[in-house]
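The values are calculated or read from the model by the stated rules, or taken from the named source; none is laboratory data. Bear in mind the structure is a predicted one, so any value in this text is a computation, not a measurement. Cβ atoms come from the backbone with ideal geometry, glycine included; neighbour counts cover every protein chain shown. Just the protein is used for accessible areas: all its heavy atoms, side chains included, with ligands, DNA and RNA removed. Shrake-Rupley method; radii C 1.70, N 1.55, O 1.52, S 1.80 Å.
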Amino acid sequence: MRRVDPREPQLAVTDWGATRGDGIFESVSVIDGRMPPLDARFDRLEASARALDLPLIDRALWTEALLRSIDAHDPVERLAVTLALTRGVEGGDGTPTAWLLARPARDFTDIRRTGVSAVTLDRGYASDAAEGAPWLLLGAKHLSYATNSAALREASRRGADDVIFTSTDGLALEGPTSSLLVRRGDIVESPSADSGILAGTTQSTAFGFFESRGFTARFAPIRADDLADADAVWLVSSVRQAVAVHTLDGRPLPVDGELTAALNDWLANAARSE
Ligand code: PLP
C-alpha cells in the first residue's frame, strides 16, 4: 500500500479498468472524519467482485487504506472516498489494481432542501433480465457507468436534474446513482434488488428511519405509472443522501420538507455512528 498524489499519473493506460471499465467501485461518505459503518458496503463490494470474477480483497486491508486516506486528508466536514478494484493490466499476471481516492464531497446542502426534478427513462431491460443474463452485471457496482452518465445527460437535455429508470415491463427501478423510495400514506416502498438494481445501503438505513417513525417500510414492485400519485418520491444515496423528487416528467409531486430533513439527519447520524 502506498500513498500517492492523485494529480500525478498513477494508472497504466493498459489497465482493464481504463480500457474496458472492467472493475468495481464503492463510494464511502466520511462525515467529520468519522469512519462510517462498513459491513454493508463491503458485502456489496464482495458481491460485485463475485459478479465480475474479481478476487476478494481483505476487509482489514481496505479499512486500513480508508483510515490512511482519511488521515492523509485535510479535515473537512464531508469526504467522499472511492474504493476501486480492476482486473489489473492487460497482458499482466492477473494481479488486480486497487486504489482509494479521498476528495471533499460536493456540497449537496441546497439540493437536499429543494429536491430535484426527474424524468423516467427506459433502461431497456425487463425487471427479471438479471436472472437470465447475469453477464449484464445488473446489480453490480462496476466501473462502466457511461450509460448512467448518458442517462443524466439525457435528463439534462429534457430540462431535468435526475432520472428514474424504468424496466420494459413498466416498473420503476432506481436512479443512475441512487435508490428509489416511494411513500403512499404510512407505507414506504423500494424496488427489491432482484429487479436488476443495486442493493442500496442508504435505502436500508432509510428503512430504519421510516420504521422508527411508525411507517411500514418494505420492498415491493413499483409501477412507473403509479409514481404520479405517490405522496412522496425520494432518490437516496450515500454521499448526496435523500433528495425529494418535486417534479416527475414535468408534473409536480408532493414534497414533505420536514420529513426529508429528518431523514437526512438520520442518514448523517448513521454515517457518524461507528
Ligand atoms: N443505485 C445505483 C445505480 C447507484 O449508483 C447507487 C450509488 O451510487 C445507489 C443505487 C445507491 O447506493 P448507496 O445508497 O449504497 O450509495
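For this structure, a couple of remarks:
- Selection among Gln241, Ser212, Val188 by position relative to the dipole of region 110-269 gives Gln241 as farthest towards the positive end (Cβ unit charges, Cα centre).
- Per-residue SASA entry for Arg223, accessible area with 1.4 Å probe, Å² rounded to 10: 110
- Loop-located GluC sites (Glu not before Pro) across region 185-271 with a Cβ neighbour count of 16 or fewer within 10 Å are lacking, with loop assigned by DSSP.
- Taking 37 °C and 0.692 mPa s as conditions, region 127-274 diffuses translationally at an estimated 208 µm²/s according to Stokes-Einstein applied to its Kirkwood radius (Cα pairs).
- Sparse-neighbourhood loop sites, GluC sites (Glu not before Pro) in region 88-170 - DSSP loop, at most 11 other Cβ within 10 angstrom: none
- Degrees between helix 146-157 axis and first principal axis of the chain (Cα, 0 to 90, nearest 10): 40
- Note that region 233-274 shows a convex hull volume over its alpha carbon atoms of 55 Å³ per residue.
- From its DSSP helices (H runs of at least four residues, each -39,500 (n - 2.57)), the chain gives a residue-normalised ellipticity at 222 nm of -8500 deg cm²/dmol.
- Dipole magnitude of the chain about its Cα centre (Cβ charges: Lys, Arg +1; Asp, Glu -1), debye to nearest 20: 460
- Average projected area [Cα convex hull, region 16-105], square nanometres: 5.9
- A 1.4 Å probe run over the chain, with the rest of the protein chains in place, finds 50 Å² accessible per residue.
- In a reduced charge model with +1 at each Lys and Arg Cβ and -1 at each Asp and Glu Cβ, region 182-224 shows a dipole moment near 140 debye about its Cα centre.
- Cα-Cα separations in region 82-166 greater than 15 Å, expressed as whole percent: 74
- Spread over its residues, the convex hull of the C-alpha atoms of the chain is 131 Å³ per residue.
- Residue with peak Gaussian network fluctuation, the chain [Cα springs, cutoff 10 Å], from Trp135, Trp16, Trp234: Trp135
- Formal net charge of residues neighbouring Arg240 (Cβ-Cβ distance under 9 Å; K, R +1; D, E -1): +2
- Angle between the chain longest axis and helix 59-72 axis [Cα atoms, degrees, rounded to 10]: 90
- Against the chain, whose longest principal axis comes from its Cα atoms, helix 257-271 is set at around 20 degrees.
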